[in-house]
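K.L.:
Please read through the structure below; I'll follow up with questions.
The values are calculated or read from the model by the stated rules, or taken from the named source; none is laboratory data. Bear in mind the structure is a predicted one, so any value in this text is a computation, not a measurement. Here the Cβ positions follow ideal geometry from the backbone for every residue, glycine too, while neighbour counts run over all protein chains shown. Heavy atoms of the whole protein, side chains included, go into the accessibility calculation; ligands, DNA and RNA do not. Shrake-Rupley method; radii C 1.70, N 1.55, O 1.52, S 1.80 Å.
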Amino acid sequence: MGHDAERIIQALQDAEVAGADDFGHFVNNTKYLAPSSFDERAAMNTLLGLLPTIDDPRDLEAAVRHLGRAWARPVAFEPLRQVFLTRAEHDQALGWSMGNSLVTTAAAANLNELLEMASDRKFGTARQMIVNSLWRFKKDPRVKEILLGLTDDPDVSQHAMSALRRTIGNDEAIAFLRTVRDSTNNQTIRKQAQRAISKGESAMAKSAQTHSRHGLSTRSP
């Protein structure tokens, strides 16, 4: 952990948060490792209050990850957004973790802020998970337009293409992505577009096979 960890743990202990010493410890496989005793729910208010004061990127990332839970929605969203706006431009790896937690804690009411962050290219790769999550709000027509415009942004193009397929459907997305592939001079974007096209075509083929096995028509009446 970083130089802010001792102060954070002390604040958690003062708030009588169980397992405060396990702050920053994340256990994914409990078959071989003991689960963390850190009570993230009880720690939420303390961590939210500390967020603006945490300077060390390692400790800030730990706090952000602890807060990036669905049960923290939407309370944690705005505090996380504020630190994203302050730190993500200058530390995009840290910003990526912030973005990942932001989308987990976002509700439909936060779409305006998500679209603003997704569109702001100064945040670079920190926006990847924000862009990737926009399909969740696909009923809003702005989502489609934003994603179309981001397919040529190398920092988030792959994530925009994936979200676009889930937003407008494979058929329409493939047609657009073929244009992207054939018109760009960026070889990375070209390869990403082709990969997304192939995934879309594969998904459509599987859907057609499923309909065929069940005796259903894949064509509109």
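K.L.:
Using the structure shown, decide if Ser207 is open to solvent by 80 Å² or more (accessible area, probe 1.4 Å) and over 30 Å from Glu78 (Cβ atoms). Can you show your working first?
P.N.:
On the way: open to solvent by 80 Å² or more (accessible area, probe 1.4 Å): no; over 30 Å from Glu78 (Cβ atoms): yes.
Here the answer is no, as Ser207 does not meet what is asked.
K.L.:
Can you name every residue in the range 121-157 that is over 13 Å from the mean Cα position of the chain (by Cα) and open to solvent by 50 Å² or more (accessible area, probe 1.4 Å)?
P.N.:
Arg121, Lys122, Lys138, Lys139, Pro141, Arg142, Lys144, Glu145, Asp152, Pro154, Asp155, listed by residue number.
K.L.:
Same structure again: With respect to Ala62, determine if the residue is in a helix (DSSP H, G or I) and more than 23 Å from Glu6 (Cβ to Cβ).
P.N.:
Working: in a helix (DSSP H, G or I): yes; more than 23 Å from Glu6 (Cβ to Cβ): no.
In short, no.
K.L.:
Return the residue satisfying two criteria in turn: it lies in the range 86-120 and is under 20 Å from Asp59 (Cα atoms) and among the hydroxyl-bearing types (Ser, Thr, Tyr), and of such residues it is most open to solvent (accessible area, probe 1.4 Å).
P.N.:
Thr86
K.L.:
Separate question: Identify all residues within the range 11-30 that are outside any loop (DSSP other than H, G, I, E, B) and open to solvent by less than 90 Å² (accessible area, probe 1.4 Å); write none if there are none.
P.N.:
Of all residues in the range 11-30, those outside any loop (DSSP other than H, G, I, E, B) come to 11-14, 20-22.
Within the range 11-30, Ala11, Leu12, Gln13, Ala20, Asp22 qualify.
K.L.:
Considering the range 47-57 alone, what residues qualify as being more than 22 Å from the chain's Cα centre (by Cα) and open to solvent by 30 Å² or more (accessible area, probe 1.4 Å)?
P.N.:
Matches in the range 47-57: Gly49, Thr53, Asp55.
To keep it simple, each residue is scored yes or no on (1) outside any helix (DSSP H, G or I); (2) free of Cβ contacts under 8 Å to residues at least 24 places away in the same chain.
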{"position": "Val83", "(1), (2)": "no, no"}
{"position": "Glu89", "(1), (2)": "yes, no"}
{"position": "Gly95", "(1), (2)": "no, no"}
{"position": "Asn100", "(1), (2)": "no, no"}
{"position": "Val103", "(1), (2)": "no, no"}
{"position": "Asn110", "(1), (2)": "no, no"}
{"position": "Leu114", "(1), (2)": "no, yes"}
{"position": "Ala118", "(1), (2)": "no, no"}
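K.L.:
List pairs: first residue in the range 159-170 and farther than 13 Å from Arg136 by Cβ, second residue among the charged types (D, E, K, R) and open to solvent by 30 Å² or more (accessible area, probe 1.4 Å) anywhere in the structure, Cβ distance under 7 angstrom, at least six positions apart or on different chains.
P.N.:
Matching pairs, first to second residue: Ile168/Lys144.
Rundown of residues vs (1) polar (S, T, N, Q); (2) without any contact (Cβ under 8 Å) to a residue 60 or more places away in the chain; (3) over 27 Å from Thr86 (Cα atoms); (4) touching a Pro at 6+ places or on another chain (Cβ under 8 Å), yes/no style:
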{"residue": "Met1", "(1), (2), (3), (4)": "no, no, no, no"}
{"residue": "Asp4", "(1), (2), (3), (4)": "no, yes, no, no"}
{"residue": "Ile8", "(1), (2), (3), (4)": "no, yes, no, no"}
{"residue": "Phe23", "(1), (2), (3), (4)": "no, yes, no, no"}
{"residue": "Ala34", "(1), (2), (3), (4)": "no, yes, yes, no"}
{"residue": "Ala42", "(1), (2), (3), (4)": "no, yes, no, no"}
{"residue": "Gly49", "(1), (2), (3), (4)": "no, yes, no, no"}
{"residue": "Asp59", "(1), (2), (3), (4)": "no, yes, no, no"}
{"residue": "Arg69", "(1), (2), (3), (4)": "no, yes, no, no"}
